[in-house]
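Beneath this line is the structure, given in structure tokens, with notes to follow.
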């Protein structure tokens with residue numbers, strides 16, 4: 001049963017991944033990405049990581065890809081792009097090299113087993129606090145106990161990024177209106 | 001890889017799964033789906049009739065007694081209309097979109113407990129199997145509802161984009177911004193409930209609310225336990241998430257023709273209509289479950305002719321509460337005028353999200369204080385002071401931001417474009 005679920009979702013994930021790369025319309029590519037993300041969510045459920053599955057759907061499918069689509073629609077680039085033009089010189093050969101390297105690393109991980117990178121055979125395997133706790137409890141303990149500082153720093157980093165983005169956009173809009181007056185009060189925005 | 005067998009906390013699915021379990025689960029799903037379809041039919045009639053009453057007109061009167069078959073007549077008519085697919089549309093996505101908004105509405109309903117005697121744990125025994133009166137009780141519980149409401153955005157968004165026309169596109173861009181914004185407030189309100197329940201399962205939430213109340217008469221519903229604020233936030237954010245008036249900018253008739261479904265006709269339009277009302281019913285059912293104790297309530301007559309009907313009282317209470325909430329939704333629609341787009345964004349980001357977050361932290365402080373055995377009155381006073389201080393800071397920040405913007409607008413030589421200003 002578990003194997004059947006794995007095979008079906010693996011096919012869905014791979015089909016989605018190929019679709020993301022192969023489709024010429026950016027909106028279709030984003031939809032294929034959703035397909036892949038939902039397939040991965042099913043794999044999470046298969047491994048008893050129910051909370052991760054929910055977060056995968058809520059955050060990735062529900063927010064991030066929505067933002068992708070939002071930008072695609074706002075910019076109006078929803079037509080097939082002209083593929084002969086190369087925006088950055090040497091981009092294509094470089095992409096091929098990097099892609100091959102990534103494939104080699106992933107292949108190595110799959111062949112040698114999962115423990116080359118993290119030393120963990122499965123998620124929560126060595127760190128599990130007690131067998132009965134659900135994955136949400138374990139994750140909460142690890143995130144807000146052991147790694148509380150890292151979580152706080154990440155939150156601060158994201159907030160700074162948002163504030164920085166807002167400040168940058170406001171300064172830009174000011175300079176095209178009146179350049180000299182804008183610079184003096186740019187700090188209090 | 002044994003995970004697939006523990007998909008639910010439902011005691012029926014804990015042991016071996018045989019034919020009876022499969023049939024029971026299928027039966028529950030079919031009954032819930034049929035119920036939703038019938039409920040949508042009645043809801044559309046109810047809404048039109050009630051709106052008519054509030055506007056001092058009659059509403060539907062012709063089809064059937066009190067016009068109750070009006071929806072059936074409308075549905076039949078829509079079925080036989082020509083099904084148009086615009087020439088410039090993206091055909092596959094155009095056809096996919098209605099289903100993307102219909103399916104999440106139904107899936108979210110699966111986690112709603114519909115009945116059962118919650119004075120005794122809320123379990124029912126049918127054919128020798130102990131089970132819950134809800135389609136599924138997954139470990140992620142209420143998160144399934146949040147996941148489905150975030151997936152539901154796709155239906156509206158893709159419908160507008162794939163139509164290949166301007167008004168639907170504007171409607172869908174509005175919809176996606178609105179739904180993503182209000183999801184945050186919705187999630188924070190749910191977090192308060194999860195905090196006081198100590199779990200995600202909707203069944204456990206109802207069990208917790210069925211416990212002994214205050215002073216013998218006031219029930220232990222979460223609307224009281226969490227102090228009303230999360231309920232108000234959830235109600236407003238939920239209405240915005242449903243794109244119902246006063247938050248129906250997505251299909252504002254005066255500005256956008258029909259909004260995201262302008263180009264839809266025939267049965268595909270009917271599917272959108274169905275999804276909209278199904279979402280309303282699901283949202284009301286979720287509110288009943290989260291804040292008003294779901295099917296929990298007293299058992300007045302426990303058996304009739306030797307057959308135990310204690311579980312049926314749960315169904316009765318659930319439907320009564322659901323009915324009251326649906327009435328409130330229609331009432332809001334008849335009363336409140338539509339928001340402007342900048343007001344909508346202000347309300348979501350500057351009022352609802354901070355209030356929901358602050359109240360969640362306040363409840364957390366109370367919980368921690370109780371756990372550590374601190375003086376409860378002192379904890380309450382200090383947390384409320386911090387809450388008020390933070391609110392003051394936020395109001396000041398918003399004010400000074402607005403002043404800076406006004407100064408900037410005054411300084412610019414040509415009068416600034418108000419639309420650009422808000423974006």
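The values are calculated or read from the model by the stated rules, or taken from the named source; none is laboratory data. Note that the structure is a prediction, hence the values are computed from the model and not measured. Using ideal geometry, Cβ is built from the backbone for each residue, glycine included, and neighbour counts are taken over all protein chains shown.
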So residue B:267, is it surrounded by 15 or more Cβ atoms within 10 Å (Cβ to Cβ) and modelled with pLDDT of 90 or more:
no
When every residue in region A:76-107 that is within 14 Å of chain B (Cβ to nearest Cβ) and in contact with a helix residue (DSSP H, G or I) (Cβ under 8 Å, 6 or more places away or on another chain) is compared, the one modelled with the highest pLDDT is A:77
Quiz item: Out of curiosity, is residue B:218 surrounded by fewer than 21 Cβ atoms within 10 Å (Cβ to Cβ), within 27 Å of residue B:313 (Cβ to Cβ) and either touching a strand residue (DSSP E or B) at 6+ places or on another chain (Cβ under 8 Å) or without any contact (Cβ under 8 Å) to a residue 24 or more places away in the chain (or both)?
Solution: yes
Expected single match for out of contact with any helix residue (DSSP H, G or I) (no Cβ under 6 Å at 6 or more places or on another chain), within 19 Å of residue B:327 (Cα to Cα), at pLDDT 85 or above and not in a loop (DSSP other than H, G, I, E, B) among B:51, B:42 is B:42
>> On the basis of being at pLDDT 85 or above, closer than 23 Å to residue B:194 by Cα and within 14 Å of chain A (Cβ to nearest Cβ), does residue B:368 make the cut?
In response: yes
- Message: Based on this model, can you work out whether residue B:336 counts as surrounded by fewer than 21 Cβ atoms within 10 Å (Cβ to Cβ), out of contact with any strand residue (DSSP E or B) (no Cβ under 9 Å at 6 or more places or on another chain) and without any contact (Cβ under 8 Å) to a residue 40 or more places away in the chain?
- Response: no
All conditions in (1) in contact (Cβ under 8 Å) with a residue 40 or more places away in the chain; (2) touching a helix residue (DSSP H, G or I) at 6+ places or on another chain (Cβ under 8 Å) are true of residue A:24 except (2)
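State whether one or more residues within region A:116-127 are part of a helix (DSSP H, G or I), away from chain B (no Cβ under 14 Å), at pLDDT below 65 and under 30 Å from residue A:21 (Cβ atoms).
yes
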- request: Could you tell me whether residue B:82 is without any contact (Cβ under 8 Å) to a residue 40 or more places away in the chain, surrounded by fewer than 17 Cβ atoms within 10 Å (Cβ to Cβ) and outside any helix (DSSP H, G or I)?
  value: no
Those residues of region B:225-257 which are more than 19 Å from the chain's Cα centre (by Cα) and modelled with pLDDT of 80 or more amount to B:225, B:227
message = Among the residues of region B:393-416, are any away from chain A (no Cβ under 14 Å) and surrounded by 15 or more Cβ atoms within 10 Å (Cβ to Cβ)?
response = yes
- Message: Regarding region B:293-303, can at least one residue be identified that is buried (at least 24 other Cβ atoms within 10 Å of the Cβ), closer than 21 Å to residue B:105 by Cα and out of contact with any strand residue (DSSP E or B) (no Cβ under 6 Å at 6 or more places or on another chain)?
- Response: yes
